[in-house]
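**Student:** Could you have a look at this structure, given as structure tokens, before my questions?
The values are calculated or read from the model by the stated rules, or taken from the named source; none is laboratory data. Computed from a prediction, not measured in an experiment: that's the story for all the values here. Note: ideal-geometry Cβ built from the backbone for every residue, glycine included; neighbour counts use all protein chains shown.
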Amino acid sequence: MEEIVLETRNITKIFPETIANKNISFKLKKGEIHALLGENGAGKTTLMNILYGIYMPTNGEIFINGQKVTIKSPLDAIRLGIGMIHQHFMLVETLTVLENIILGLKEYGFVINKRAVKEKLKEIERLYSLKVEPNVKVWQTTVGEQQKIEIIKVLFRGANILILDEPTAVLTPQETQGLFKILKKMKDDGKSIIFITHKLEEVMQIADTITVLRKGEVIKTLPKDKTTKSELAQLMVGETQTCDFLRKRKETDETILSIKGLTVYSDKGTKSLKGVDLDVKRGEILGIAGISGNGQKELVQTIAGLKKVAEGKIIFNGVDITNKHPRFISRLGINYIPADRLAMGVAPNLSSIDNAIMRRYYRFPLSKRGIMNYTKALAYTRMMAKAYKIKLDNPFAPIKLLSGGNMQKLILAREILENPKLLIASYPTRGLDIASTQFFRQKLIEIANKGKTIILVSEDLDEILSLSDRIAVMYEGRIVGIMDAEKADKNTIGLMMAGAKA
């Protein structure tokens, strides 16, 4: 008989104006990888937050190893052997990696026993090939490195039940396969894993069992070997989804953005860009591929005016924008969708209205003589929500209360509605469900079809290959090759991302 390590019975969670979870019954077996699928707002994260003690259920019961438990806080969850890697990382940026890993653990003393901590980190590295620099500050690390830190935190605390929310979002195909080896090793060690993802290829590769949620309810639980990607997609959205993009590729030699000899320093004081040369053509989608931390973030932030140029020039539409103010650059027609939506894409404690109008709050008709018109601001926000399928129950509530996918959709809508000449999109569909991902990819296609230019940064090679006209690959602060997307393949790009020359 298979051992059930975690079970929920009729879990219901009601928020003002919405039912996030409705009578959810779910079982997780020992040594199982159980995938949880569902659209943005389907209730996946709410259910996981209940299991991790962030929310208390309105109704329902939770059982761990057959014993009924009450989980009132993450500390309770950790004591019960549950660890969670959140979609938005729970790290203190001003502390070191080591300090974050042991934060809240009393057994390492008031004065931290760094030797004991590092020995345990070496053991985790030996078992699972997870390596980090323990003495650097978290704010100096990349998004990919921060995900590793979160996984190590969970393992460090001895969790036997792991919840991973979109764990491959920042990984290359090679790194994803490496993560899957780690998860399979954890499974072989008897650990049980809840794997939340929107990538059906990954589900079919890694999961043993799959549960589909829709509108807060369980639609179906089934073994992986008795379903298909098509069936899962239909269960998630209630209808069959197609993935055909109507891209009208236009060849043009006109350069809209020219970068020459660009050198930029990272927050750590090291060179993150090393003499980058790049020309972007008007009306094209230029995909930028690379493992997180190889200069993609610094490149796009520098174009947007958020980082200083040490050497080199950036020319946009004939105007030198090197080290110009972000608002000056934005007014010229460059808009930027950042990779880290919570840290840079939104002001978490401000309302959804305030975040929706962030680009235009000072302009007529939203503002006149320095006075905001909140009636028009609300109408604009509701229009945005309707047009871009954003679930926005209370536009006056802090935006941090939105699901990650709906928050991302608001950011995308806000930037696209500015009708930019150049849209820089870093991981624009990260955390979005199948339907929303297709919707926004088609929006990017429509922008390019109108003659606008897009720089698309992504580690999802399917996304890069399906949307881009050309692909530039970055490695250690340099562009190691540029190729036509029609002639490119995953293996070649993956090798280049790992340092192989074009």
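**Student:** Could we say that LEU423 is hydrophobic (A, V, I, L, M, F, W, C), assigned to a helix (DSSP H, G or I), under 24 Å from ASN294 (Cα atoms) and over 18 Å from the mean Cα position of the chain (by Cα) here? Quick ask: steps written out before the conclusion?
**Tutor:** Values: hydrophobic (A, V, I, L, M, F, W, C): yes; assigned to a helix (DSSP H, G or I): no; under 24 Å from ASN294 (Cα atoms): yes; over 18 Å from the mean Cα position of the chain (by Cα): yes.
When the stated conditions are applied, LEU423 does not pass them.
**Student:** I've got another one for you. Restricting to the stretch 115-138, what's the tally of residues that are surrounded by fewer than 15 Cβ atoms within 10 Å (Cβ to Cβ) and farther than 20 Å from ILE291 by Cβ? Give the steps one after another, and end with the answer.
**Tutor:** First, the residues of the stretch 115-138 that are surrounded by fewer than 15 Cβ atoms within 10 Å (Cβ to Cβ): 115-116, 118-119, 122-123, 125-127, 129, 131, 133, 135.
Checking which are farther than 20 Å from ILE291 by Cβ leaves us with 115-116, 118-119, 122-123, 126-127, 135.
Qualifying residue count, the stretch 115-138: 9.
**Student:** Now for a separate question. Within the stretch 1-39, how many residues turn out to be buried (at least 17 other Cβ atoms within 10 Å of the Cβ), aliphatic (A, V, I, L, M), at pLDDT below 95 and farther than 18 Å from MET236 by Cα?
**Tutor:** Matching residues across the stretch 1-39 total 0.
For every residue, the table says whether it meets (1) part of a helix (DSSP H, G or I); (2) under 26 Å from ALA339 (Cα atoms); (3) polar (S, T, N, Q).
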position	(1), (2), (3)
ASN135	no, yes, yes
GLN147	yes, yes, yes
LYS153	yes, yes, no
LEU162	no, yes, no
THR168	no, yes, yes
GLN177	yes, yes, yes
LYS187	yes, no, no
GLU201	yes, yes, no
THR211	no, no, yes
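**Student:** Let me confirm something: among PHE156, PHE180, PHE89, PHE110, which residue is in contact with a helix residue (DSSP H, G or I) (Cβ under 9 Å, 6 or more places away or on another chain) and modelled with pLDDT under 85?
**Tutor:** Checking each option against the conditions leaves just PHE89.
**Student:** Quickly run through the stretch 316-332 and pick out the residues that are closer than 13 Å to ILE259 by Cα, touching a residue at least 40 places away in the same chain (Cβ under 8 Å) and within 30 Å of the chain's Cα centre (by Cα).
**Tutor:** The answer is PHE316, and nothing else.
**Student:** Next question, about the same structure. In the list SER436, SER458, SER367, SER403, which residue meets the criterion of being under 19 Å from the mean Cα position of the chain (by Cα), among the small types (Gly, Ala, Ser) and over 24 Å from GLY43 (Cα atoms)?
**Tutor:** Result: SER458 is the single residue among SER436, SER458, SER367, SER403 that is under 19 Å from the mean Cα position of the chain (by Cα), among the small types (Gly, Ala, Ser) and over 24 Å from GLY43 (Cα atoms).
**Student:** Counting only residues that are crowded, with 16+ Cβ neighbours inside 10 Å and basic (Lys, Arg), give me the strands (runs of 3 or more DSSP E) lying completely in the stretch 260-345 with at least 2 of them.
**Tutor:** Filter on the stretch 260-345 gives 271-281.
**Student:** With (1) at pLDDT 90 or above; (2) closer than 25 Å to LEU222 by Cα as the list, and LEU80 as the residue in question, which single condition is left unmet?
**Tutor:** Going through (1) at pLDDT 90 or above; (2) closer than 25 Å to LEU222 by Cα one by one, LEU80 breaks only (2).
**Student:** Sticking with this structure for a sec: All but one of (1) at pLDDT below 95; (2) out of contact with any helix residue (DSSP H, G or I) (no Cβ under 8 Å at 6 or more places or on another chain) hold for ALA42, so report the exception by its number.
**Tutor:** Exception for ALA42: condition (2).
**Student:** Looking only at the stretch 346-387, how many residues end up being more than 17 Å from ASN419 (Cβ to Cβ), hydrophobic (A, V, I, L, M, F, W, C) and assigned to a helix (DSSP H, G or I)?
**Tutor:** Total satisfying the criteria: 5.
**Student:** Among (1) within 21 Å of LEU495 (Cβ to Cβ); (2) in contact with a strand residue (DSSP E or B) (Cβ under 9 Å, 6 or more places away or on another chain), which single condition is LEU306 missing?
**Tutor:** All conditions are met except number (1).
**Student:** Checking the condition crowded, with 16+ Cβ neighbours inside 10 Å, over 28 Å from MET496 (Cβ atoms), under 20 Å from the mean Cα position of the chain (by Cα) and not assigned by TED's automatic domain parsing to the domain that holds TYR265, which residue from LEU162, LEU183 passes?
**Tutor:** LEU162
**Student:** If ILE390 satisfies every condition in (1) in a loop (DSSP other than H, G, I, E, B); (2) surrounded by 18 or more Cβ atoms within 10 Å (Cβ to Cβ); (3) touching a residue at least 24 places away in the same chain (Cβ under 8 Å) but one, which is the exception?
**Tutor:** Here ILE390 meets the rest and fails (3).
**Student:** Out of SER426, SER466, I need the residue that is of a type in the set (Ser, Thr, Tyr), surrounded by fewer than 18 Cβ atoms within 10 Å (Cβ to Cβ) and not assigned by TED's automatic domain parsing to the domain that holds GLN87. Which one?
**Tutor:** SER466
**Student:** Looking at ARG382, ARG414, which is the one that is surrounded by fewer than 20 Cβ atoms within 10 Å (Cβ to Cβ) and without any contact (Cβ under 8 Å) to a residue 60 or more places away in the chain?
**Tutor:** ARG382
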